[in-house]
Amino acid sequence: MGSLIALAGVGVAVPAAAFTSWLARTGEFGDPSTSTEVDDTEWIDLGAPDAPQIVIEAYPDYLTLPKGVPREAAIADVSRIFAKLDLDAGGEGLAQEGLMTQTYENFAICAWTGDWLTAHLASDAAREDRAATWLGDTGNFPSMVAHDGGGVTDALLSFAAAAHDGDVKTVHQAFDMQSCGERLGGGKR
């Protein structure tokens, strides 16, 4: 059972786990009604010592990856991206939690696109269809759809249609355009 921490002078017991990502949480949220933002999730201080844990916790439960692509590969990739964002910002990087979820979804899109290309090379029509069907279902990447400022969902669906049509050239373009080779730990396909 988890331990409890009593807040000094308040007399409230709080589960110790509640403080595992306390420092990185800014309490500031995106406000689409007052800006051009389309993401209303919390801004995370990427330089805080607990930021890596928030990146891990942002992995969406609904996300499915192709057979042979472990969840840990997605976590390693997304963690690398946000660590680099913070490094590029001189240790003062900020990112919205929704962007972390979308980055996981984009990893999955890369993984399924790569799976389609592998299946195509192997002439595995059932596997190609499974990957193209996943890519064409916006329920697999709902955060990207919800926060689409315009055109991203349409582009993703056009790539899925290309996969269903067997258009290898367009699927390769989608794979390369999203830097999927780098994200999946390999080169171009």
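The values are calculated or read from the model by the stated rules, or taken from the named source; none is laboratory data. These figures come from a predicted structure and were not determined experimentally. Here Cβ is always computed from backbone atoms with ideal geometry, including for glycine, and neighbour counts include all displayed protein chains. The area values use the complete protein model at the heavy-atom level, side chains included, leaving out ligands, DNA and RNA. Shrake-Rupley method; radii C 1.70, N 1.55, O 1.52, S 1.80 Å.
Quick notes
- Accessible area of the range 34-189 belonging to carbon and sulfur atoms, whole % at 1.4 Å probe: 55
- Förster-model FRET efficiency, 30 Å R0, Glu57 and Ser158, C-beta, rounded to 0.05: 0.40
- Taken along the Cα-to-beta-carbon direction at a fixed 7 Å, the label points for Leu85 and Arg71 span 2.1 nm.
- Compactness of the range 42-184, taken as the C-alpha radius of gyration over 2.2 N^0.38 Å, stands at 1.07.
- Heavy-atom accessible area per residue - the range 42-184, 1.4 Å, Å²: 46
- Between the beta carbons of Ala126 and Glu92, assuming R0 = 45 Å, the FRET efficiency works out to 0.40 to the nearest 0.05.
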